[in-house]
Amino acid sequence: MACRGEYLLVTTTCPDRENARKIAGLIVEARLAACVQLLPIDSIYTWKGEVCDESEILLLIKSKSVLYDKLQTLIWRNHAYDVPEIIQVPLTGGLPAYMKWIDEVTD
């Protein structure tokens, strides 16, 4: 099923499970995403001139393009990081029944 930019995957990382679960819960309760998956990861990145090696929680957020601005604002306001990763990836296809479910459970 072609999605024509209607759907997207948003990613963000949190420093711990507590912050990740809080944000995921707020997102789903606000009907800004159909599903948020939390995955433990290791991240190596540069921050303020230093290489950091940290454990984080990656959130995979399945939503719709029309909800992105509200989703970004919610994440930004509830995130523990000063500059959180908030990246949107347009979905170009998917199982029609899954995409329909995203429509049904989001505003």
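Going through the stretch 83-107 one residue at a time, which ones are of a type in the set (G, A, S) and surrounded by 12 or more Cβ atoms within 10 Å (Cβ to Cβ)?
Selection gives G94 alone.
Consider the stretch 24-38. How many of its residues are loosely packed, with under 14 Cβ neighbours inside 10 Å and not small (G, A, S)?
The initial filter retains those residues of the stretch 24-38 that are loosely packed, with under 14 Cβ neighbours inside 10 Å, namely 25, 29, 31, 37.
The next check asks that each one be not small (G, A, S); those that pass are 29, 31, 37.
Residues meeting the conditions: 3.
Out of all the residues in the stretch 39-82, which are of a type in the set (S, T, N, Q), in a strand (DSSP E or B) and either surrounded by fewer than 10 Cβ atoms within 10 Å (Cβ to Cβ) or out of contact with any Pro (no Cβ under 7 Å at 6 or more places or on another chain) (or both)?
S43, T46, S63
Determine whether the stretch 31-42 contains at least one residue that is in contact with an Asp or Glu (Cβ under 8 Å, 6 or more places away or on another chain), under 20 Å from V83 (Cβ atoms) and modelled with pLDDT of 95 or more.
Checked against the condition, which is being in contact with an Asp or Glu (Cβ under 8 Å, 6 or more places away or on another chain), under 20 Å from V83 (Cβ atoms) and modelled with pLDDT of 95 or more, the stretch 31-42 yields at least one hit.
Please work out if L58 is touching a residue at least 24 places away in the same chain (Cβ under 8 Å) and under 17 Å from H79 (Cα atoms). Break it down into steps so the answer makes sense when it comes.
Numbers: touching a residue at least 24 places away in the same chain (Cβ under 8 Å): yes; under 17 Å from H79 (Cα atoms): yes.
When the stated conditions are applied, L58 passes them.
If the Cβ limit is 6 Å and pairs must be 6+ apart or interchain, which residue in the stretch 24-46 that is under 22 Å from T73 (Cα atoms) pairs with which residue that is in a loop (DSSP other than H, G, I, E, B)?
The qualifying pairs are I27/A33; R31/T106; R31/D107; A34/T106.
Return the total of residues in the stretch 84-107 being more than 12 Å from Y7 (Cα to Cα) and assigned to a strand (DSSP E or B).
1
If S43 satisfies every condition in (1) under 13 Å from the mean Cα position of the chain (by Cα); (2) more than 20 Å from L67 (Cβ to Cβ); (3) among the polar types (S, T, N, Q) but one, which is the exception?
Going through the list (1) under 13 Å from the mean Cα position of the chain (by Cα); (2) more than 20 Å from L67 (Cβ to Cβ); (3) among the polar types (S, T, N, Q), S43 breaks only (1).
The values are calculated or read from the model by the stated rules, or taken from the named source; none is laboratory data. Worth saying up front: this structure is predicted, and the values here are computed from it rather than measured. All Cβ positions, glycine included, derive from the backbone under ideal geometry; neighbour counts span all protein chains shown.
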